[in-house]
Amino acid sequence: MNRRSVLAGGLALGLAGCGTAPPHVVLPPRTKATPGLVDEPSLLGLNAVIDLYHANVVRSFAAARDESGILAVIHKASEGDWLDPRYQERRAQAKAAGLLWGAYHFGTGQHPGRAQARMFLDAAKPEPGTLLVLDLELNERAPDNTMRLDQAEDFVREIATATGRLPLLYSHPAWADGEVMMGRSLGGAIRPGSALAACDLWLADYRFEPEQPRAWDGRGWSLWQYAGDHPATGGPFRDQARMVKGVERCDRSVFAGDRAALLRFWGA
């Protein structure tokens with residue numbers, strides 16, 4: 001995914017300092033999404049999920065499974081109207097290795113949300129055991145082409161209508177709460193009771209103690225992406241993020257549960 005600088009350590013706090021609320025409104029602080037400082041993410045759940053896109057080098061999914069304990073792969077399928085050229089090939093390889101499979105769409109601003117959802121489904125070709133994900137974040141390469149709140153809501157509604165299930169929502173806590181990051185924002189906070197808040201959360205926060213977006217207070221995260229694939233901006237766990245056999249570099253996530261719960265969550 002594309003959030004290299006805004007998620008890296010304390011930099012995320014510095015960039016997210018401005019909220020969208022009027023100056024006289026004091027928002028409550030976000031709650032911590034983990035029980036306390038840890039130096040090993042596996043203490044918080046099952047450290048067995050990686051996510052990839054076409055630029056990641058994959059040599060062996062079987063090695064990732066057998067030597068690094070990877071159980072699931074989430075791969076980019078589309079971005080706006082662009083299709084990831086490695087998606088179908090990697091899907092066949094991962095499934096042959098017995099790994100769980102997921103597909104994500106990087107939301108952009110140039111197409112309506114419902115149209116992006118239909119393009120994503122055409123690209124992902126989901127099966128009952130395919131986890132579907134909306135990647136909702138700042139488009140750092142083209143900030144003016146960032147998905148807005150209303151587009152994301154429409155995307156989620158269209159996925160639910162077409163498949164009968166909600167996608168997982170990937171987002172950083174400051175972004176989900178409508179705060180300004182690098183001069184841009186989602187256009188408002190995700191509110192409790194909204195279509196987006198109904199989705200399970202894939203938390204993106206590269207700090208030892210990530211925060212919880214306010215709309216998920218009391219629910220918690222299902223996945224926590226604790227480290228990215230970039231050696232300089234991949235967060236405090238970045239050395240561990242590169243320790244996946246058979247994969248040159250990747251983002252890593254913890255699942256909030258055990259292996260049996262992961263299988264149930266995936267619908268496998």
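So here's what we get for this one:
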{"read-out": "Cβ charges +1 (Lys, Arg) and -1 (Asp, Glu), total dipole of segment 131-232, debye", "value": "180 debye"}
{"read-out": "By average C-beta atoms within 10 angstrom, highest first, the peptides 138-147, 250-259, 192-201", "value": "250-259, 192-201, 138-147"}
{"read-out": "Value of D in µm² per second that Stokes-Einstein yields for segment 49-254, Kirkwood Rh from Cα pairs, at 20 °C (1.002 mPa s)", "value": "125 µm²/s"}
{"read-out": "Rough spin-label spacing in nm, given labels placed 7 Å along Cα→Cβ, for Thr31 and Glu248", "value": "4.2 nm"}
{"read-out": "Label-zone membership for segment 194-225, site Arg264, 7 angstrom Cα→C-beta point, backbone N under 18 Å", "value": "200-201, 219-223"}
{"read-out": "Neighbourhood charge, 12 Å Cβ-Cβ cut-off, centred on Glu211 and excluding it, Lys, Arg +1 and Asp, Glu -1", "value": "-1"}
{"read-out": "Highest average packing first - 70-77, 179-186, Cβ atoms within 10 Å", "value": "70-77, 179-186"}
{"read-out": "Over 24 Å between alpha carbons, listed pairs Lys125/Lys245; Lys76/Lys245; Lys32/Lys76", "value": "Lys125/Lys245; Lys32/Lys76"}
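Since every read-out is calculated from the coordinates, none of them should be taken as a lab result. These numbers come from a predicted model, not from an experiment. Glycine gets a Cβ as well: all are built from the backbone with ideal geometry, and neighbour counts include every protein chain shown.
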